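Only one structure is covered here, and it is reproduced in the block below.
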Amino acid sequence: MQVLDYLKTAVQEGASDLFIVAGGYVSVKSDKRIRNISAERVSPDASETLIRELYELAERSDELCKQSKKDNFSLSVAGLARFRVNVFHQRGSLAAVVRVIQFGIPDWQEMGIKEQVMSLAELSRGLLLVTGLAGSGKSITEACLIDRINQTRDCHIITIENPIEYLHRDQRSIVSQQEVAIDVEDSVTALQDCLLQAPDVIFLSEMQSPELIRLAISAAETGRLVIGTLYAKDAVSAIDYMIHSFPVDQQDTLRMRLSMSLRAIVSQQLLPGSDGKAIPAFEIMRMNPAIQSMIRSNEIYDIKVEIQNGKRGDMLSMDQSLLDLYSEELIDKDVVLDHAIDQEQMRRKMWVVRA
């Protein structure tokens, strides 16, 4: 079978990922379960052939992969889907993981995204972070937020992505999408340059380096809305990561700037639903005077309590999100307890909900 046949199978089965690794079977991941789809194990030569076919579909040179032994790119197959490809080496042979991205922007309601999250698209300036561990559904949430802005506001939206995942067509807004290594040299240069391109909204698909964090805060301070991605499990971890990315002598200044520019943090994780499909749970932190003070005085671990005590329409703790999903019978008891921060309190609340 050619790689296109495997891509078609992945789409038909509603898979999130396709795996091509020498020594194993070509396989797909759907609802956190992996299933083999090739008749035989893949040899190193066969793995390399399939990955070369991916490069041909993308009309992309494999020179970067030869130089650095890794590559990251996207491709589209007309009438099928878009795919995000990560190529790497393992045991001396080429391997790839291919993320399946359906054409069009996902429906936020079908994806289980709360209106509390979507309402953050109303922010007009400052820094909005979407955080979560790998595979937590951040990309879908970000695409839905950008789509909401695109539908409702007259803006110039610039996205800096590595690679581009969801394609946004101009609606009320103009959307300029830049892919690292194709349209721009790197994320830092792209973010510096885009400030000259009259953006109202800037989206960064990665914000891990100190330089990108510094530039993102600077852009937010100029009155733009900056939506950034961080690999952090919750708001406290995200703020802690940003602050401690900088030398100690710069952290006081960063805390002050962050307290003034940060507007909200959405943290999420994907859970196994009662029907077998993955469903997201969210923590939502909105900036208020108390949290501003906690950031400035380096008492960021108290933010968790402020989120738990926040007004229901304003903020949402992860435990409350879990309880809501349980009360709606979308997730099972064991899932709630596995992911709850305070298990004993959660047991009591669950008993009341189902009593």
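Evaluate the following for Arg35: is it buried (at least 17 other Cβ atoms within 10 Å of the Cβ) and of a type in the set (Lys, Arg)?
Here the answer is no, as Arg35 does not meet what is asked.
Just one of (1) more than 16 Å from Leu123 (Cβ to Cβ); (2) out of contact with any strand residue (DSSP E or B) (no Cβ under 6 Å at 6 or more places or on another chain); (3) not hydrophobic (A, V, I, L, M, F, W, C) trips up Gly223, so point out which.
In the conditions (1) more than 16 Å from Leu123 (Cβ to Cβ); (2) out of contact with any strand residue (DSSP E or B) (no Cβ under 6 Å at 6 or more places or on another chain); (3) not hydrophobic (A, V, I, L, M, F, W, C), Gly223 misses (1) alone.
Going through Ile243, Ile265 one at a time, which residue ends up being touching an Asp or Glu at 6+ places or on another chain (Cβ under 9 Å) and either modelled with pLDDT of 95 or more or farther than 23 Å from Ala134 by Cα (or both)?
Criteria check complete, one pass: Ile265.
Restrict the check to region 19-35 and report whether at least one residue is among the polar types (S, T, N, Q), part of a strand (DSSP E or B) and modelled with pLDDT of 95 or more.
Yes, region 19-35 contains at least one residue that is among the polar types (S, T, N, Q), part of a strand (DSSP E or B) and modelled with pLDDT of 95 or more.
I need the full set of residues from region 1-18 which are in a helix (DSSP H, G or I) and in contact with a helix residue (DSSP H, G or I) (Cβ under 9 Å, 6 or more places away or on another chain), in order please.
Val3, Leu4, Tyr6, Leu7
Which count do you get for residues in region 235-250 that are assigned to a helix (DSSP H, G or I), in contact (Cβ under 8 Å) with a residue 24 or more places away in the chain and not β-branched (Val, Ile, Thr)?
5
Kindly list, by first and then second residue, each pair from a residue in region 139-156 that is farther than 22 Å from Gln268 by Cβ to a residue that is surrounded by fewer than 19 Cβ atoms within 10 Å (Cβ to Cβ) and β-branched (Val, Ile, Thr), limited to pairs with Cβ atoms under 7 Å and residues at least 6 apart or on different chains.
Going by the 7 Å Cβ cut-off, the qualifying pairs are His156/Ile174.
Which one of these is assigned by TED's automatic domain parsing to the domain that holds Ile182 and either of a type in the set (Asp, Glu) or surrounded by fewer than 16 Cβ atoms within 10 Å (Cβ to Cβ) (or both): Asp147, Asp62?
Sole residue among the options that is assigned by TED's automatic domain parsing to the domain that holds Ile182 and either of a type in the set (Asp, Glu) or surrounded by fewer than 16 Cβ atoms within 10 Å (Cβ to Cβ) (or both): Asp147.
Applying the selection to region 42-64, what residues are in contact (Cβ under 8 Å) with a residue 24 or more places away in the chain and hydrophobic (A, V, I, L, M, F, W, C)?
Ala46, Leu50, Ile51, Leu54, Leu57, Ala58, Leu64
Name the one entry in Ala96, Ala39, Ala46 that is at pLDDT 95 or above, among the small types (Gly, Ala, Ser) and more than 30 Å from Glu185 (Cα to Cα).
Just one listed residue meets the conditions, Ala46.
Across region 220-234, what is the total count of residues that are assigned to a helix (DSSP H, G or I) and surrounded by fewer than 23 Cβ atoms within 10 Å (Cβ to Cβ)?
1
Might you check whether a residue that is β-branched (Val, Ile, Thr), surrounded by fewer than 21 Cβ atoms within 10 Å (Cβ to Cβ) and modelled with pLDDT of 90 or more occurs anywhere in region 107-115?
There is no residue in region 107-115 that is β-branched (Val, Ile, Thr), surrounded by fewer than 21 Cβ atoms within 10 Å (Cβ to Cβ) and modelled with pLDDT of 90 or more.
Taking region 255-285, which residues are among the aliphatic types (A, V, I, L, M) and either within 18 Å of Arg125 (Cα to Cα) or outside the structural domain of Ser139 (by TED's automatic domain parsing) (or both)?
Answer for region 255-285, where residues must be among the aliphatic types (A, V, I, L, M) and either within 18 Å of Arg125 (Cα to Cα) or outside the structural domain of Ser139 (by TED's automatic domain parsing) (or both): Met256, Leu258, Met260, Leu262, Ala264, Ile265, Val266, Ile284, Met285.
Which of the residues spanning region 5-27 are surrounded by fewer than 15 Cβ atoms within 10 Å (Cβ to Cβ) and in contact (Cβ under 8 Å) with a residue 40 or more places away in the chain?
Matches in region 5-27: Gly23 only.
The values are calculated or read from the model by the stated rules, or taken from the named source; none is laboratory data. In this text, all values refer to a predicted model and were calculated from it rather than measured experimentally. No Cβ is skipped: glycine too gets one built from the backbone with ideal geometry, and neighbour counts run over all protein chains shown.
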